[in-house]
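Here, each number is a calculation from the coordinates, and none is a lab measurement. Just so we're clear, the structure is a prediction, and the values are computed from it rather than from any experiment. Virtual Cβ from ideal backbone geometry, glycine too; neighbours counted across all protein chains shown.
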């Protein structure tokens, strides 16, 4: 294959640029609807980009600046991608990164076409909504805002759709090959650290979910999801239909941490954009829908950032059979929860389960605990007439700040798939005919 020397075997910053752009959208474009209406000062920020262009420059804006397997990238596309990255406040050499991402998008789309993989207009719209939600805007509001910086709607749409179709391509190639073990999840949770926690301001509609009322509640929830368009619509519906405690206030609830919600609700709401109605959440008792009114990241305190150690102490009489008894217990238990069966029918003080930070752990067990992994045990400590069967339950942040095991598993899967996607793209690059001036 023919390639320009500058592209042969060279790893570009394009994919990193795309990832950074996605992160920067979250970090630096937290625009409100009101700000968007005022123009976000974008006109001033990008006055240079909107300056009058000479006729000769206009004539050349669709001239090719690169080709990828014979498909042209025009000066217009390059200028648009640069402007888009400027609006996202992407650092670095924007012209180079814009060119790299456009080249890679051509490769992604070509591979999708070769494999017969397509995405629908509805999927693209959903992706645009999700991207815009990171700036607390709808897709239409985001398009309007960036339009004031000279970025056409098609530029935003193409950026999102190329990323979405590539995700489908990667899934098709590596489906069933990425398996995350329980041990990997355990290690990820043990080493998990964070300085902030996502918080949501919500409104809710709670409908009865038992007996004959359940089918009617589901039908009503489906109808409300379609008909509710605004926060005012949601509040009116909550006052009319909701049976939750918040109904009188239009379903509105105070700010709360995402991690404080049950796993089913958390999974749904973490993917719900501000100003939109969530998917229906079913429990044995209720049918619920939510509107995410706002999102923010809450700084957690230094005390909350301390690593907690959760452990169990089971007391065994320290007689001649103590070590044999401890060995028998060890064979019966895999987790701290299993110790409750072992201690069943015995005095309550024979089994204790505690969660403490490092300085609070008693000195006689601090050393043995530090040597254990979750699920491991030790019987080296003796207190008076008792031998302490010591078991580590977990070590890490307070569980109220931790992702669920399924969330952690998904994150690990995404990381693994991201690495495979990088390798896949490099394969396509190495085989491609890429020509640049």
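A few remarks follow.
- The peptide list 179-185, 268-274, put in order of mean Cβ contacts within 10 Å with the highest first, becomes 268-274, 179-185.
- Residue 187-residue 334 FRET efficiency (beta carbon distance; Förster radius 22 Å; 0.05 resolution): 0.80
- Pair residue 430, residue 229: separation of 7 Å Cα→Cβ label points (nm): 5.3 nm
- Among 146, 342, 333, 388, a tally of other beta-carbon atoms within 10 Å of each Cβ gives an order, fewest to most, of 342, 333, 388, 146.
- Gained length - residue 270 relative to residue 356, 0.36 nm times residue gap less alpha-carbon distance: 28.0 nm
- One chain, two ends: residue 154 and residue 178. Fully extended at 0.36 nm per residue, the span grows by 5.2 nm beyond their Cα-Cα distance.
- Spin-label proximity, residue 93 to segment 396-437 - amide N less than 14 Å from point 7 Å beyond Cα toward beta carbon: 437
- Anisotropy class assigned to segment 308-396 is prolate, per the alpha carbon gyration tensor with a/c at or over the 1.5 cut-off and a/b larger than b/c.
- Distance (nanometres) between label positions extended 7 Å along Cα→Cβ at residue 284 and residue 236: 3.8 nm
- Between residue 61 and residue 296, the simple spin-label model (points 7 angstrom out along Cα→Cβ) gives 4.1 nm.
- Cα centroid separation - segment 130-174 against segment 178-196, whole Å: 30 Å
- Order of 104, 122, 406 - criterion: other Cβ atoms within 10 Å of each residue's Cβ, fewest first: 122, 406, 104
- For segment 62-113, the mean projected area of the C-alpha convex hull, equal to one quarter of the hull surface, is 3.7 nm².
- Kirkwood-based shape ratio for segment 193-299, expressed as Rg/Rh from alpha carbons: 0.98
- Global form of segment 131-180, assessed from the alpha-carbon gyration tensor, a/c cut-off 1.5: prolate
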